[in-house]
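The next block holds one structure in the form of structure tokens; read it before the comments.
FYI, it's all coordinate maths here, none of it is from the lab. Just so we're clear, the structure is a prediction, and the values are computed from it rather than from any experiment. Reconstructed Cβ throughout: ideal geometry from the backbone, glycine too, with neighbour counts over all protein chains shown.
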């Protein structure tokens, strides 16, 4: 680990990142070039003391998990993420066609959707990042580990995961998730994480096995999605999707039609968000 070079690299990237790049107000009294240390620490989900010691430089050797969080927080492209790992004495993460490193462009868009339910997911249905409104609507989907990281896996193996959808929609949603995995499996092949997940689901869930046998295929139209929330009831939301072709990740943005009951309920949820999901 090259502590001096790592510290200089972190300071330079922090100075280059502007408040507007991460959805923060600039304010009138800002004297720091770029972001403040406490702002970067918050973006990286770590303590200010820990991040500050890395920049000074007197911090411990960061783990790979910490480095991944720093790379996301500083909006580093893949090349700079790899350099960050190497400065810390770790091998650069293996480049895979679909990874957990979110494209900086996708992150900049997500930062500007703070008051809208939105999240970044990968091809396995693993949620990589959520706005606080998405947490208020769906819960913290980034907290799961192992196979449970995948919404597809949770849906077919954990009954509690279905509480976010009206019961009358369960059958159709099961078919959509199975079709989504069927499409991903066709692209990725039998020697992939997708194939491993499919094999696990076919063993664990008779429902998934039955759907898989039908060779489900997604249609071109994405109907509005209905969500069941314990505080505000049912919300009908349209889901706009932005696909990042480099990482094969999707930015999902959920919006109601203005003037509808769902619009009013989502406004109510934003008020309740301070108690339900807002940091």
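Fewest-first ordering of 20, 79 by other beta carbons within 10 Å of each residue's beta carbon gives 79, 20.
The orientation-averaged shadow of the Cα convex hull for the stretch 142-192, equal to a quarter of the hull surface, comes to 4.1 nm². Extension gain for residue 231 to residue 145 (0.36 nm times residue separation, less C-alpha to C-alpha distance): 28.3 nm. Compute the helix-to-body angle for 78-87: its Cα long axis versus the longest principal axis of the chain, expressed 0 to 90° and rounded to tens. Between the helix axis and the principal axis of the chain, the angle is about 50 degrees.
The long axis of helix 193-204 is offset from the longest Cα principal axis of the chain by roughly 40 degrees. Taking neighbour Cβ counts within 10 Å as the exposure measure, how do 129, 225 sort from fewest upward? Ascending number of Cβ neighbours within 10 Å: 225, 129. Ordered by the number of other Cβ atoms lying within 10 Å of each residue's own Cβ, fewest first, 218, 138 fall into the sequence 218, 138. At the listed q of 0.10, 0.15 Å⁻¹, the Debye profile of the chain, built from one uniform point per Cα, gives log10 I(q)/I(0) equal to -0.60, -1.20. As a calculated quantity, the FRET efficiency between residue 16 and residue 53 at R0 = 25 Å, using C-beta atoms, amounts to about 0.75.
Axis of helix 170-188 versus longest Cα principal axis of the chain: the two differ by about 60°, to the nearest ten degrees.
Which values of log₁₀ I(q)/I(0), to two decimal places, follow from the Debye formula for the stretch 3-87 at q = 0.11, 0.16, 0.17, 0.19 Å⁻¹ with a uniform point scatterer at every Cα? For the stretch 3-87, the Cα-only Debye profile gives -0.26, -0.56, -0.63, -0.79. For the pair residue 268 and residue 239, label points projected 7 Å from Cα toward Cβ lie 2.4 nm apart. The calculated FRET efficiency for residue 29 paired with residue 248, based on their beta-carbon distance and R0 = 41 Å, is about 0.45.
Expressed to the nearest 5 percent, the antiparallel share of DSSP beta bridges inside the chain is 100 percent. Comparing 228, 119, 249 in a Gaussian network model of the chain where C-alpha atoms under 10 Å apart are linked, the largest mean-square fluctuation is found at 228. The length gained on full extension between residue 112 and residue 168, counted as 0.36 nm times the residue separation minus their Cα-Cα distance, comes to 16.8 nm. Once the Cα-Cα distance is subtracted from the 0.36 nm per residue extended length, the residue 258 to residue 217 segment shows a gain of 11.6 nm.
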